[in-house]
1. Between the stretch 281-338 and the stretch 21-84, how many Å separate their Cα centres?
2. Work out the charge dipole of the chain with +1 on the Cβ of Lys and Arg and -1 on the Cβ of Asp and Glu about the Cα centre, then indicate which of Pro342, Thr138, Ala64 is farthest towards its positive end.
3. What length, rounded to one decimal in nm, is gained on full extension from Glu336 through to Ser36, with 0.36 nm per residue of separation minus their alpha-carbon distance?
4. Length gain on complete extension for the stretch Tyr173 to Asp261, per 0.36 nm per residue less the alpha carbon to alpha carbon distance?
5. Dividing the convex hull volume of the alpha carbon atoms of the chain by its residue count, what do you get in Å³ per residue?
6. So what is the calculated 222 nm ellipticity per residue for the chain, using -39500 (n - 2.57) for each DSSP H run with n of 4 or more, over all residues, to the nearest 500 deg cm²/dmol?
7. Let me know the shape class of the stretch 174-314, please: from the alpha-carbon gyration tensor, a ≥ b ≥ c as square roots of the eigenvalues, rounded when a/c is under 1.5, otherwise prolate if a/b is greater than b/c, or oblate.
8. Using mean Cβ contacts within 10 Å as the protection proxy, how do 192-203, 115-126 order, highest first?
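None of the figures in this text is laboratory data; all of them are computed from the coordinates on show. Everything numeric here is computed off the predicted structure, so don't read it as measured data. Glycine gets a Cβ as well: all are built from the backbone with ideal geometry, and neighbour counts include every protein chain shown.
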Amino acid sequence: MARTALISGAGVSGPTLAYWLAKGGWHVTVVERAESLRLGGQNIDLTDAARDVVERMGLTGEIAARHTGERGLQFVDTRNEATAEFPVEAEGSLTREIEILRGELVDILVGATPDTVTYRFGTTITGLDDDGEAVDVTFDDGSTGRFDVVIAADGMNSDTRARIIGEGGHEDYLGCWSSYFTVPRLERDNGWWRWYTSPNGIVAFLRPDNQGMMRASVNFLSDESDPPHMTLADKKERLRTRLDGAGWEADRLREALADVDDIFLGPLHQIKADRWSNGRCGLAGDAAHCPTPYTGMGTTLAVIGAYVLAGELTRHDDPRAAFAAYEERFKPFATEAQKLPPGVPALAYAQSRFKVRLINLGAGVAASAPVQAFAALFDGGSGDDENRFDLPEYDWSASAHRAA
Ligand SMILES: Cc1cc2nc3c(=O)[nH]c(=O)nc-3n(C[C@H](O)[C@H](O)[C@H](O)COP(=O)(O)OP(=O)(O)OC[C@H]3O[C@@H](n4cnc5c(N)ncnc54)[C@H](O)[C@@H]3O)c2cc1C
């Protein structure tokens, strides 16, 4: 009998894990809370050994073909005039070689999972009962199931995490919120990632995509670390309030929100779970080790971690031994990737016109310290082509044979 796995979350880590577990002979079910795949988000980078994982999945060509074509980064002032420019071919450019919209990557990963993987949308876990032999699961639609392992791959704000390792103590709030949403492209939009710093404390981006739209991001400092659940309407209201009087394209973004149907918005927490499993249940991706977009490493970690977890679960008969091996192999790398440069993120925000001038001036001087720090914001900050994580080899076919 094939072993069975339940994965919560169909973002980046969930489908990657499903792909590799299926390759190892597992029967996999993925539950996703949203009614369909959440294809929002901006450009994300795949770096380090994540490039090798997607190569082993045969996806490098497809990912390269969906490159956004962004020309580079421009810092702009309130009149939309560039104060500094970092073209893609320039040293230290933030636009990377393997750069793809998050939603496109999710779509490719889900498409790569075989038909044996079952996706259930609009479904969440409401109860887990691990009796040592397997895990009994209840879902919010009243249905139940029994699985050999359960993995929470449901993001930074995972509520499955608390069901597995308990509440609290796992999060470092960074003092700021981020948002991502998609807006129509206008004639005045160009092929550049435009970065605007407002004196009222917000940083806003507009980035071109390869679908004829613009990917917007609005970021701001806030003391509120644990907001109540926000509906789409709540998110729009919060963003409209923040954008009020912010200058540049703020009014356009406020108006465009009326037609937006998916928004990622919330406080940014680095997740530093003290353990990544409990019995037959474990954590993967942001649910275990979210580094936040300030490191540019979230997707890279999600892809590598999913590969290692699937490999260890396939290699070991006892999931507890597999979870321990996964944590031992991968946690040091994930922890290192969470390190932020001094002053990040507060450094990027301005509460006065004077600081805006300083930021824009600093951005204009390529070698200046602010630019070095900017390079680390929302990106890994390392153009290094060397892998720092040594990807293990696993014998998928032998395992599949054993599990059959
Ligand atoms: C809509 C969206 C846009 C994003 N945009 C960016 C971006 O522009 N830049 C960036 O650096 N990072 C972005 N991120 C975060 C980025 O995807 C992750 O940091 C990284 O890829 C790790 O992926 P993950 O699979 O662990 O988590 P995620 O990609 O966050 O995926 C988690 C999935 O789990 C689902 N989920 C949540 N709770 C439950 C539940 N209780 N039951 C079932 N399913 C659940 C979510 O709907 C989501 O599909 C975005 C995430 C989302 C969801």
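1. Taking the Cα centre of the stretch 21-84 as reference, the centre of the stretch 281-338 is 18 Å away.
2. About the Cα centre, the residue reaching furthest to the positive side is Pro342.
3. Values: separation 300, 0.36 × 300 = 108.00 nm, distance 3.35 nm.
Answer, rounded to one decimal: 104.7 nm.
4. Once the chain is fully extended between Tyr173 and Asp261, it gains 29.0 nm.
5. Output value, Cα hull per residue: 131 Å³.
6. The helix contribution divided over the chain gives -9500 deg cm²/dmol.
7. Values: a/c = 2.36, a/b = 1.75, b/c = 1.35.
Judged from the Cα gyration tensor, the stretch 174-314 comes out prolate (a/c at least 1.5, a/b above b/c).
8. Descending packing order for the listed peptides: 192-203, 115-126.
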